[in-house]
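Report on one structure; see the data block that follows.
The values are calculated or read from the model by the stated rules, or taken from the named source; none is laboratory data. Quantities reported herein were computed from a predicted structural model and do not represent experimental measurements. Methodologically, a virtual Cβ is constructed for each residue, glycine included, from the backbone with ideal geometry; neighbour enumeration extends over all protein chains shown. We work out accessible area using only protein heavy atoms, side chains counted, and drop any ligands, DNA or RNA first. Shrake-Rupley method; radii C 1.70, N 1.55, O 1.52, S 1.80 Å.
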Amino acid sequence: MVKAGFELRRQPERVPFRISHRRAGLLVSRPPPSSTLLLPMAVQLNKNSFSSRVRHVYEAWNNAGANGDHGSLSNVDALLFAAGDPAGEDEPIRKSTAFQTWLLGYEFPSTFILFEKNKLWFLSSVKKAKILAQIQTANSPVPIEILSQAKPNEPPTDALPKLVEAFTSHQRVGTLLKETQSGKLINEWNQATGQAASKPEMLDIAPAVSTLLAVKDDEELKIVRTAANLTSTLLTHHIAVKLETILDREAKISHEQFAAQIEMRLGSGEGDKAKGPDMKVWSKGRLTDIDWPSTEFCYSPIIQSRSSHSGYDLRFTAESTEDSISHEGVILVSVGMRYKGYSANLGRSFIVNPTRDQEAIYGLLVSLQASLLTYIKDGVTAREVYQHALSFVKEKRLELEKHFVKNVGFGIGMEFRDSAYLLGPKNSRQLWAGMTLNLVLGFQDLEEDGGKKYALQLVDTILVSQEKSTLLTEGVKAPKETLFFLNPGDGQDSKAPSKEAKKPPVKSIANGHGSPVKNKTAGGKVLRNKTRREEDVQSTMVKIIEHQRELHAQLQAEGLAKYSEGGGGTGGKEGKAWKRFQSYKGEIALPKEVESLRIYVDRKTQTVILPVYGFAVPFHINTIKNVSKNDEGDYTYLRINFQTPGQLAGKKEDTPFEDPDASFIRSMSYRSADGHRFDAIAKQITDLKKEINKREQQRKEMADVIEQDTLVEVKGRRPQKLSEVFVRPALDGKRLPGEVEIHQNGLRYQSPVSSQKLDILYSNIKHLFFQPCEHELLVILHIHLKAPIMIGKRKAWDVQFFREASDVQFDETGNRKRKYRYGDEDEIEMEQQERKRRQQMNKEFRAFADKVAEAATASTGDALEPDVPFRELSFEGVPFRTNVRLQPTTECLVYLSDPPFLVVTLSDIEIASLERVQFGLKQFDLVLIFKDFTKPPLHINSIPSSQLDDVKNWLDSVDIPLSEGPVNLNWGPIMKTINEDPYDFFQQGGWTFLGGATGGAESDQEESSEEESVYEEEPEESDFSESEDDESDFNEDSGGSASGSASDFDDDSDGDDWDELERKAAKSDRKRQETGRGHDSDDSDARPKKKAPAKANGKANGKAGRR
């Protein structure tokens, strides 16, 4: 059966028809296969489709208004569509041909169609008339009359005079005036109408016909989607792969040859040497039941590069030249395919060794497309679409406005390019749901550093819907797929990251730092090109030192520029100000218990009332530091210590005061013979202080928790789901797998046993990770949030959906096959099944992650891509209490396998400090200091020294400044000093006190901490730690009621101060050095003493760092 999009042509002798294929507006004829040479009556017209579309034409005609999209139909009495001989090979597809194919499913050359208000006329040859006779029984809104011309050897009929008489009976007839037809029937028509007594006025109805063809019904959309899938499959599984191979091998091939190779994927040759479609390519796409004879290219694929003698041309009339493809710069690829007459088109930009500016411009194109997909919807005009795109470019990069394309696309369908729906600044036509558009974004006449011109493009076919538009073509768009980096190194181990790259991998546009992997970098690919040579081959260390010198200089300049305007810093006291506490509004409000002039703890007002010289004086609990109780003889002494400035306690010394120079009471003491009462009072004050501190700490912890907006569920269809997954943090109740659903503006996790739901909005997603179950027990979809949310009673920055990789329900003992098989075959079979199961889960989770990213990008307009951890770049360390495997991704450093999770955004890191880097030590530490100086640095301890070079290479490749030192620094005081005046810190050299990547710390070896990182059950103490800043001075382990001993509070009168501890630590260091144990870091006898001098060493190191 002949399909839509083919023409029926009259042929001499015995072959009545032949089939023609059109390519992108060009008609390319070829002899049909023998199976398509059919008799006329073998052609079956779709009567239901014909009835529906004829009814649509009459409805548009009858309801046409003067100013509407069908306005050109409002003043005509009849519609005439004339088709002569088929168009030549070099002519674009005609609108009349497109209308015929849309209406009838086939192209009928030498055929006239006349629409009258009360009748529909057809005029054609006898054989075509027999085919058209099928529609006379269709459910048409008007009668149909089919007229047939006489055969050449037969006497003429009255068919042509009848149609001429009906035509001339009208005053105004609409037709396609801009089309020029030719042929025998056209000549006879012109002669007959010229001899007629009256001739109607002819009006152009091309705009109205464009509107009729623009909105696609379900049957048409199904065909367009198939055409789009064919185009996307060809790009993803052949063009991109082949281009990468050409660049990797430096293959010499012309643009024209590459385009011809792409065309051969649909088949080549004739007769016995004919080859069919390359199913190795097409089988990889989402294609089913493809009618290959109905598949063709819209135009010969367009390949352009820096070496094209015609330059870069973003028009689809450009041609691939005979010049060889350049292996540097920008490579533009455009390809379009037609299926059953309907077209789909896409275009991509590939950049080899891109500059920072080229990466930024390409990132702008990706963001612009995401923004337009959200903006283009039912009711928007073509002019508004272009203005939105232009405004977006002006807002992001004003200097690129003059390079932006003059229009951002056009209508596409039966016609490859429908100019009536050109998305330009002057077109006021309205877009409707169901239209398909070719969205064409690009910049032209851009200049590289050497003055060479280049262009960038991003082209896709989209479908307009009620609320937004969706992509029909997709694939090979992300920077990591379109940016290539040539690796000049030779003979390198392929498992190592690119250590000898020409330049460090470039940072990702939208998200900061990138991360290299075997053959990938942040936003690109590293091609292992072993044929390249460099006369100057520098060592890796020299390259790192040079690059780090540039990074440190840039960091110093940025720091001075950032803090120069504000002058002094805030000292980390943002949100900390003098706060007045009012216990009572007057004496009347005092409780009646104060009349006895005894110490009274009023829990209701959080106040302790003390008798002072016969007066009841209230003190709010926040003014009290701690209490201590001592027994001396027959009396018990109760001492109440107050918060005062200048204390050396460390934790509260940054507490603000209204007037620090005023006179303060440090403490008050009371004596009583009733020891039990003082025990009770001390306990009451202690408990009240704990309660207040705990409440304040909870308030601070919940300060950044947000209340999410309402989730908007998808309507009209079932949401896409990922079933049988668990969630972490777990919801309350029994642990059972649930399902994750993709909705309009977020995700929803639904528990199967209860009505519990967990909603995550796309606007709150900062990072999306997919971790496959290779070398892991779980396959994971992990979401890191911009702001924490409450899950049950807990605050959560991360939400994780996972599925266990092993099948626990698989019965290994009850298998029937074991009865008859005694070898290893069953174990091998089970391993194979396990591998298949893991591959299937990886594929399922990866596909769902891509769908989430696509939905989030369409909803928010900001590009979101699933990030995959690079296991080959992983290293072991202790970020919390356990030793874990940390894995870099394109944008982060993560640990996702078990809680607590770790997600560090690389773009938030100011500098990385490598500590305890000494010869002979088995481990070193990594400290990450954030750009937000108020955040405590992240300590990753106990990294094996064997991975030092790998960690340094990774940090350098993602443009993070780093330093080396033999000692552990006390970062609490250091960060406090920086926060007090950041501008002064950078004026005095900034981070130069740390030294460079080769280790510039000036500390002596004897000051180094020979022991390994403190790896204990309790987290190490830090003056900068938020948890300790907010921690109550009233410890849980305090023995407030123990007789004869003070409570375990920060009383400055108890224990040694820091200076004393420093003197003791220095004395201990000298003693160890004299006994020859100063550098024996792994001595087992020294380990039990590790914890005692920890603070002293830390303090000393902190001072060394400040020097």
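Would you mind working out the accessible area per residue for the stretch 875-992, using a 1.4 Å probe, and quoting it in Å²?
Per-residue accessible area for the stretch 875-992 comes out at 32 Å².
Separation between the LYS184 and ARG356 pseudo-spin-labels, each 7 Å from Cα along Cα→Cβ, expressed in nm?
That separation, rounded to one decimal, is 7.2 nm.
Give, as a single signed number, the net charge of other residues whose beta carbon lies under 12 Å from the beta carbon of PRO277, with Lys and Arg counted +1 and Asp and Glu -1.
-1
Using only alpha carbon positions, build the gyration tensor of the stretch 822-913, then give the equivalent ellipsoid semi-axes as the square roots of 5 times its eigenvalues, largest first, whole angstrom.
32, 23, 10
Looking at the square roots a ≥ b ≥ c of the eigenvalues of the Cα gyration tensor of the stretch 47-213, which shape do they give, rounded for a/c under 1.5, prolate if a/b is larger than b/c, or oblate?
Rounded, because the longest to shortest axis ratio a/c is under 1.5.
Regarding the stretch 875-992, what are the three Cα extents along the principal axes, ordered largest first, in Å?
Largest first, the stretch 875-992 extends 40, 32, 28 Å along its Cα principal axes.
Which order do ARG671, ARG837, ARG94 take by accessible area at a 1.4 Å probe, largest first?
The ordering from most to least exposed comes out as ARG671, ARG837, ARG94.
What's the FRET efficiency of LYS931 with LYS721 using the Cβ-Cβ distance as r and R₀ = 56 Å, to the nearest 0.05?
Plugging the Cβ-Cβ distance into 1/(1 + (r/R0)^6) gives 0.90.
For the residue pair SER140 and MET790, what label-to-label distance in nm results when each label sits 7 Å from Cα along the Cα-to-beta-carbon direction?
Here the answer is 6.9 nm between the modelled labels.
Tell me the Kirkwood radius of the stretch 246-389: reciprocal of the mean inverse pair distance over distinct alpha-carbon atoms, in Å.
It is 17.9 Å.
In the calculated pair distance distribution of the stretch 73-123, what percentage of Cα-Cα distances lie above 18 Å?
33 percent
For ARG598 and GLU219, compute 0.36 nm times the residue count separating them, minus their Cα-Cα distance, and round to one decimal in nm.
Here the answer is 127.4 nm.
In whole Hz and in residue order, list the ³J(HN,Hα) couplings for the stretch 735-744 that follow from phi through the Karplus curve 6.51 cos²θ - 1.76 cosθ + 1.60, θ = phi - 60°; x for Gly and Pro.
7, 9, x, x, 9, 9, 10, 9, 10, 5
Once the principal axes of the Cα atoms of the stretch 218-484 are found, what is the range along each, listed largest first in whole angstroms?
For the stretch 218-484, the Cα extents along the three principal axes come out at 56, 51, 28 Å.
Can you give me the distance in nm between label points at LYS585 and ARG666, each placed 7 Å from the Cα along the Cα-to-Cβ direction?
With each label point 7 Å from Cα toward Cβ, the separation is 3.9 nm.
To the nearest 10 Å², what's SER52's accessible area with a 1.4 Å probe?
About 70 Å², ignoring ligands and nucleic acids.
For the stretch 218-484, what does the accessible surface come to per residue with a 1.4 Å probe? Please give it in Å².
Heavy-atom SASA per residue in the stretch 218-484 reads 40 Å².
Suppose the chain between LEU777 and SER169 were pulled fully straight at 0.36 nm per residue; how much longer would it get relative to their current alpha carbon spacing?
On the way: separation 608, 0.36 × 608 = 218.88 nm, distance 8.12 nm.
Stretched fully, the LEU777-SER169 segment lengthens by 210.8 nm.
With a Förster radius of 30 Å, plug the Cβ-Cβ distance of ALA557 and GLU395 into 1/(1 + (r/R0)^6) and report the FRET value to the nearest 0.05.
E(calc), rounded to 0.05, equals 0.65.
As a test, work out the antiparallel percent of DSSP beta bridges whose residues both lie in the stretch 47-213, rounded to the nearest 5.
Counting only bridges with both partners in the stretch 47-213, antiparallel ones make up about 50 percent.
Given a 1.4 angstrom probe, I'd like the percentage of the accessible area of the stretch 107-248 that is carbon and sulfur, rounded to a whole number.
On the way: 3080 of 6290 Å².
Carbon and sulfur together cover 49 percent of it.
Taking the Cα centre of the stretch 47-213 as the origin and placing charges on Cβ (Lys, Arg +1; Asp, Glu -1), which of LEU212, LEU176, MET202 is farthest toward the positive end of the dipole?
Projecting each Cα onto the dipole axis, the largest value belongs to LEU212.
How big is the dipole moment of the stretch 875-992 about its Cα centre under a simple scheme where the beta carbon of each Lys and Arg is +1, that of each Asp and Glu is -1, and everything else is neutral? Debye, nearest 20, please.
The dipole magnitude comes to about 380 debye.
May I ask you to order 325-333, 138-146 by the average number of other C-beta atoms within 10 Å around their residues, highest value first?
Values: 325-333: 22.2, 138-146: 14.9.
Ranking the peptides 325-333, 138-146 by packing returns 325-333, 138-146.
How large is the Kirkwood hydrodynamic radius of the stretch 126-195, counting all unique pairs of alpha carbons, in Å? If you can, show how the numbers build up before the last one.
Working: mean 1/r = 0.0699 Å⁻¹.
One over the average 1/r among Cα pairs gives 14.3 Å for the stretch 126-195.
With the full set of protein chains in place, find how many percent of the accessible area of the stretch 875-992 is carbon and sulfur; take the probe as 1.4 Å.
With neighbouring chains kept in place, the figure for the stretch 875-992 is 48 percent.
With all protein chains present, calculate the accessible area of SER428 using a 1.4 Å probe and round the result to the nearest 10 Å².
Approximately 70 Å² for this residue.
Evaluate the Debye formula for the stretch 166-308 with equal point scatterers sitting on the alpha carbons, no solvent, and hand back log10 of I(q)/I(0) at q = 0.11 Å⁻¹, in q order, two decimals.
Debye intensities relative to I(0), on a log10 scale: -0.71.
Please state the equivalent ellipsoid semi-axes for the stretch 355-494: what are the square roots of 5 times the Cα gyration tensor eigenvalues, largest first, in whole Å?
Values: eigenvalues 194, 65, 33 Å².
Ellipsoid half-lengths, sorted descending, are 31, 18, 13 Å.
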